[in-house]
1. Consider THR23 against the criteria (1) touching a strand residue (DSSP E or B) at 6+ places or on another chain (Cβ under 6 Å); (2) in a loop (DSSP other than H, G, I, E, B); (3) among the polar types (S, T, N, Q); (4) modelled with pLDDT of 90 or more: it satisfies all of them except one. Which criterion is unmet?
2. Quick one: is LEU148 in contact (Cβ under 8 Å) with a residue 60 or more places away in the chain, in contact with a His (Cβ under 9 Å, 6 or more places away or on another chain) and at negative phi?
3. Are there any pairs with C-beta distances below 9 angstrom linking a residue in the stretch 162-177 that is in contact (Cβ under 8 Å) with a residue 60 or more places away in the chain to a residue that is surrounded by fewer than 22 Cβ atoms within 10 Å (Cβ to Cβ) and aromatic (Phe, Trp, Tyr), with the two at least 6 apart or on different chains, and if so which?
4. Of the residues GLU64, GLU116, GLU105, which is assigned to a loop (DSSP other than H, G, I, E, B), of a type in the set (Asp, Glu) and crowded, with 17+ Cβ neighbours inside 10 Å?
5. Under the condition of being more than 10 Å from LEU54 (Cβ to Cβ) and modelled with pLDDT of 80 or more, which residue from the stretch 75-91 is surrounded by the fewest Cβ atoms within 10 Å (Cβ to Cβ)?
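The values are calculated or read from the model by the stated rules, or taken from the named source; none is laboratory data. Keep in mind it's a predicted model, so treat the numbers as computed, not measured. Don't worry about glycine lacking a Cβ; one is built from the backbone with ideal geometry, like all the others, and counts go over all protein chains shown.
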Amino acid sequence: MGAFLANKRVSCLIGMLFLSICTIFVSASTIYGQNQESPIDKVKWIHGPAQVSLGSIANINLPEGYIFADAENTRVFMEITQNPPTGYELGTVMSNNGDWFAVFEFSETGYIKDDEKSSLDADAILKQIKEGNERGNEERKKRGWAGLDIIGWQQPPHYDSNTNNLEWALRAQSSSEQIINYNTKLLGRKGVMSVTLVCDPLKLAGSIPDYKMILANYEFSSGNRYAEFVKGDKVAAYGLTGLMLGGAAAVAAKTGVFKWLWKVLLAGFIGLAAFFKKIFGKKE
């Protein structure tokens, strides 16, 4: 994810593009030691079944066997896993078997028109993402992190007119690790809820139905739904393609005023069986 040199709000919008593309792979020994207290214990989890809120923007009907961290605790989770928070996090849902978790971030971009829904150019978008990633690699190198190579689409961009959801998945590689970057954008009246699926690539196919079940239990609160748009509401200066390429960042980049800076968020979830056994053995 990235930060511009000037406006903090615009800088965080850049970060939405590469939320969860990972150059940090966390092992069980990193966040959970069998003979010592885990740093992850600092996170206060809500256990399902429960109705949980993503700020005042949306709600999730959390099923039994899942856990949820609110905005404050999601930022704690990000820090523990060595991923600088953006400040836009509203919550995290984690699966009962530990195969995946999803981070929810909301950006008040305004209403994004979906008139590009039938004309998304996957090849052109991929080219621009790869170009942006090269700038990202420069920043990773400065931080002493491994570079990231974008291989191609795992799933080309697809927009669902019934749910007003845009999703896509990228295949990438860092060192010898395969990475899947799976993104969902939930369009609302006042902005976009970005949901990033984080999982072991080998378990992605089996995790998708589970993940989509959680999204089916997601609902924008009254007054925030896409269909509730009224004339006079703020409208974003970009469409679906611009949203994929960083939203406001893509618009600002055209002016040449700003420079790209990148930071990264966890997108690997490997070797954490002991951690999940501990978490799901707890009672609220």
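1. (4)
2. Working: in contact (Cβ under 8 Å) with a residue 60 or more places away in the chain: yes; in contact with a His (Cβ under 9 Å, 6 or more places away or on another chain): no; at negative phi: yes.
In short, no.
3. ASN164/TYR226; LEU166/TYR159; TRP168/TRP153; LEU170/TRP153; SER174/PHE25; SER174/TRP145; GLU177/PHE25
4. Details: GLU64 fails: crowded, with 17+ Cβ neighbours inside 10 Å; GLU105 fails: assigned to a loop (DSSP other than H, G, I, E, B).
Residue meeting the stated conditions: GLU116.
5. Quick first cut of the stretch 75-91, residues more than 10 Å from LEU54 (Cβ to Cβ) only: 75-88.
Among the residues that remain, those that are also modelled with pLDDT of 80 or more are: 75-78, 87-88.
Details: ARG75: 19, VAL76: 17, PHE77: 24, MET78: 20, GLY87: 12, TYR88: 22.
Across the stretch 75-91, the extreme among qualifying residues is GLY87.
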